[in-house]
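Undergrad: Before I ask anything, let me first share the structure, which is written out below as structure tokens.
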Amino acid sequence: MIFWKLFYTFLIIGAFTFGGGYSMVALIQDQVVTHHGWLTAQEFTDILAISQMTPGPIGINTATYAGYTAVANAGYPAWLAAAGSLLASLAVVAVPVALMLLVCRYLSRYMDHPRVAAMLRVLRLTVVGLIAAAALSLLTAESFGQTGLNRQFIVSLAIFAAVFVATLRRKASPLTLLALSGLAGWVAYGL
């Protein structure tokens, strides 16, 4: 049954992902697109875009939308798709919440211990790798248009470069960058 698979899949994703939502993206994509085939690559890219625009953590938002879409694509009615959405959201946070309750209890006592410090350094490196994997997994034709140097790819690359430079040099507000990126996309594609 899809609900059990959905719960188990997102429970495992939540249990083995450290570093927040962006580090979850590659695992979620691998499971829901490649392994189970619940979503197409285009649907996942759309879900990821919506998850970034809505309030809340991206990992939970992605799980919520992926749960809904997976159940809806399986042919279930909308109310059961909403239940799939809730199930995926709860599953992805269940293990991290339980672990954080345990870790917070003991971490403050042993924060200065050399083994704890070494473990946290390793986790930081792992998180960087997971976020890089998520970024690389988004370099697809669905994200930038068809292969080759077409107009959509060049505009996307230009917007990315402008936002990167503005963030790095000017410390620009994310809301300002989001609004300007939307305006640039509207000018490039809407006219």
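Undergrad: State the number of residues belonging to segment 162-191 that are farther than 22 Å from residue 54 by Cα and either surrounded by 11 or more Cβ atoms within 10 Å (Cβ to Cβ) or among the hydroxyl-bearing types (Ser, Thr, Tyr) (or both).
TA: Final tally of qualifying residues: 5.
Undergrad: Further, regarding this structure: Looking at segment 123-137, I want the residues that are over 11 Å from residue 23 (Cβ atoms) and have a partner that is part of a helix (DSSP H, G or I) with Cβ atoms under 9 Å, at least 6 apart or on another chain. Which pairs are those?
TA: 136/26; 137/25; 137/26; 137/29; 137/30
Undergrad: (1) under 18 Å from residue 29 (Cβ atoms); (2) over 15 Å from the mean Cα position of the chain (by Cα); (3) touching a residue at least 24 places away in the same chain (Cβ under 8 Å): which one isn't true of residue 83, the others all being true?
TA: (1) is the only condition that residue 83 fails.
Undergrad: Now for a different question. How many residues, within segment 36-51, are farther than 13 Å from residue 73 by Cβ, polar (S, T, N, Q) and without any contact (Cβ under 8 Å) to a residue 40 or more places away in the chain?
TA: Of the residues in that region, 1 qualify.
Undergrad: Oh, and also: Here is a check on your reading of the model: is residue 136 assigned by TED's automatic domain parsing to the domain that holds residue 34, in a helix (DSSP H, G or I) and farther than 30 Å from residue 73 by Cα?
TA: So residue 136 fails the test.
Undergrad: Identify the residue in segment 129-155 that is in contact with a Phe, Trp or Tyr (Cβ under 6 Å, 6 or more places away or on another chain) and modelled with pLDDT of 70 or more and, among all such residues, is surrounded by the most Cβ atoms within 10 Å (Cβ to Cβ).
TA: That would be 134.
Undergrad: Among the residues of segment 91-110, is any at pLDDT 85 or above, of a type outside the set (A, V, I, L, M), surrounded by 11 or more Cβ atoms within 10 Å (Cβ to Cβ) and within 19 Å of the chain's Cα centre (by Cα)?
TA: yes
Undergrad: Same structure again: Would you point out which residue out of 184, 179, 118, 94 is touching a residue at least 12 places away in the same chain (Cβ under 8 Å) and either among the acidic types (Asp, Glu) or more than 22 Å from residue 25 (Cβ to Cβ) (or both)?
TA: Unique residue meeting the criteria: 184.
Undergrad: Just give me the residues in segment 52-76 being within 18 Å of residue 134 (Cα to Cα), of a type in the set (Ser, Thr, Tyr) and free of Cβ contacts under 8 Å to residues at least 24 places away in the same chain, in sequence order.
TA: Once the filter is applied, which keeps residues that are within 18 Å of residue 134 (Cα to Cα), of a type in the set (Ser, Thr, Tyr) and free of Cβ contacts under 8 Å to residues at least 24 places away in the same chain, segment 52-76 yields only 65.
Undergrad: Considering segment 21-64 alone, what residues qualify as being farther than 17 Å from residue 85 by Cβ, surrounded by 15 or more Cβ atoms within 10 Å (Cβ to Cβ) and not aliphatic (A, V, I, L, M)?
TA: Result: 22, 23, 29, 45.
The values are calculated or read from the model by the stated rules, or taken from the named source; none is laboratory data. As the structure is a prediction and not an experimental result, all values here were calculated from the model. Cβ coordinates were reconstructed from backbone atoms using ideal geometry, including for glycine residues, and neighbour counts include every protein chain displayed.
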